[in-house]
Structure formats: C-alpha cells, structure tokens
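Below is one structure, written out as structure tokens, with a few remarks after it.
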Amino acid sequence: MASKGKSAQLKGKKFERDVANYFKKEFGVEVRRTPSQERWKIKNQGDVNAMGESVLNRFHIEAKNHETVLIKEWYRKAKDDAHSRIPVVVFKIPQTSIILCTLSIEHLTRTLVELDGYLAKENKE
C-alpha cells in the first residue's frame, strides 16, 4: 500500500513539473513547482509559481493528476488558499492526455474584459 501512495505522490509531482514547464515554455519566464514544505512557509503559494514578474502571479495554480477527479473539492481548496489571487485548478483527465483547468465564470469574465480592453488599446495604437 505504501508503494501505491509513493507512486501517486511521484505522479503528482511529475504533473506539477510538467505544468510548470508548459507555462515556462509559453510565457518565457522561470516557473517551478513549489515543494509542499515551502507552501506552508510562504503564504499564497500554489503548486506552480512564476519566479519574478509575470501575469501568472495573478493566479493561484493548483495542479492535480488523480485517478478520481474531484473538481469541487480541489477548487474549494484553491479558492481558500488563493487569498487575493485568482484560483485555478489544472487537472488531467484519468487515462487520457486531456488537461483542463477550472476558473470561475466571474474570474473568466474579469480576465476577458481586461484582455478586451488591452486589445482595444493595442488596436488604437
């Protein structure tokens, strides 16, 4: 039983690194997984965090790769831990390569409104 728990932990850590590497590639900034012992020391740390200035710092990102998808539970915890950041849960659908993320409709709308304003401003220039 212990090996199954250890295997699940390793799978979770690998997924966190994969998510960090994906964001690093897409945003061109240093992104890393936050070891669990650091999450207790530093308030407002998700599983994945950008180092330095990045739009990613506006989000509290939790990464989950479990056999059972527990979106409600994961999102509630991310929201509780997010403080002033936007809670996001990135998760893998079991036995597939599909990776999705949750974002409340309010946060999605706010992000889209900001993007729309940015694009409108950019188009005027």
For the range 46-85, which residues satisfy the criterion of being in contact (Cβ under 8 Å) with a residue 24 or more places away in the chain and of a type in the set (A, V, I, L, M)? 48, 50, 55, 56, 61, 63, 69, 71, 78, 82
Looking at the range 5-32, I want the residues that are surrounded by 14 or more Cβ atoms within 10 Å (Cβ to Cβ) and have a partner that is hydroxyl-bearing (Ser, Thr, Tyr) and not in a helix (DSSP H, G or I) with Cβ atoms under 7 Å, at least 6 apart or on another chain. Which pairs are those? 29/54
Show the residue pairs that are 6+ apart or on different chains and have beta-carbon atoms under 6 Å apart, the first residue being within the range 86-110 and without any contact (Cβ under 8 Å) to a residue 40 or more places away in the chain, the second being surrounded by fewer than 12 Cβ atoms within 10 Å (Cβ to Cβ) and acidic (Asp, Glu). 94/67
Taking the criterion of being in contact with a Lys or Arg (Cβ under 9 Å, 6 or more places away or on another chain) and hydrophobic (A, V, I, L, M, F, W, C), would at least one residue in the range 106-124 satisfy it? no
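Every read-out reported here was derived from the displayed coordinates using simple, explicitly stated rules and does not represent laboratory data. Here the structure is a predicted model, which is why all the values come from computation and not from measurement. Every residue, glycine as well, gets a Cβ built from its backbone with ideal geometry; the counts of neighbours run over all protein chains shown.
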